[in-house]
Structures are given as C-alpha cells and as structure tokens.
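Bear in mind that the values in this text are calculations on the coordinates, not laboratory data. This is a predicted model, so every value here is computed, not measured. Here the Cβ positions follow ideal geometry from the backbone for every residue, glycine too, while neighbour counts run over all protein chains shown.
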Amino acid sequence: MYEKALVAVDGSKPSLKAVETARELARKGLLRNITLAYVIHIPHPIDSVDGMVLDFIPPGYQKELLGEARKVMGQARDLFPPDCTVEAVIESGPPAETILHMIDKERFDLVIVGHRGLNQLQRLFLGSVSNKIVNLASCTVIVVK
C-alpha cells in the first residue's frame, strides 16, 4: 500500500488515464492520500533571429492558464468518490523539475504520470516529462499509456 501518491495532471488523455489509475488503486485500498498536481509552465523569453529578446506575454495569459488548470483539476477531482482523500495543487514552473521538487519536499512514495502530455514541441527539444520523472524520482513511478 502507498501512503502518499502524486498524480500529474495536465488535461491530456494520458494524464486523465493516470487519474483513473489512481482512482482504481484507491478503490482497491492501495492508496491512502492522493495529490493531483497541475504544473503551469510559462515559457521564458525567446531570443529572436536578430538577437533581440522577446519578453512579451499577452495580457491575461497567466489568468487564462490558471483558469484552465482549475477546470482540469475540478474534472479530475470529480472522478474520485467523495470518501477519497484527494488534494488538488496547482504549481508553476518547468513541469518535470517542479514535480520532482514536490516529490522530495512532500515525501511521496508513488507518482502516477501519463506517458505524454500536451506539449509535444517541448518534448521534442527537452525530452518528455514522464521520462525525466522515471529517471530522477526518489520513489516508485507508474507511467500510464
């Protein structure tokens, strides 16, 4: 049995399958406390071709991202029965690094992630979030496909 599980959620189909996996493990009595984690990643300034740094984030962009995160987290939370202990947390930062920090800080003993998330471009250049978590997490990791 796992005492504390973190489930990474971003609204993608694989992340919702991760939520369903956590729900089933909880239903079977294998999970006690579940934390749903949504990480908002706001990109850093991008260097343009002519050397100028573009540091423009459209007005309301962060608010829009937060609204989407809250919507997704509400939908994910609704998949669990009322008697399940589920906490929803929204963080910001690079997804893999933020999740790894949460794992160590809160001492999770299980992490459940989807095999891929919403950001395919980031995956191309930086590697997948799930791959980084599998290789660097200090606890058991379940990758759901």
Exercise. Considering each residue of the stretch 70-89, count those that are loosely packed, with under 14 Cβ neighbours inside 10 Å and either over 22 Å from residue 28 (Cβ atoms) or in contact with an Asp or Glu (Cβ under 7 Å, 6 or more places away or on another chain) (or both), and give that number.
Key: 4
Self-check item: Output for the stretch 54-69, where each listed residue is surrounded by fewer than 13 Cβ atoms within 10 Å (Cβ to Cβ) and under 16 Å from the mean Cα position of the chain (by Cα)
Solution: 67
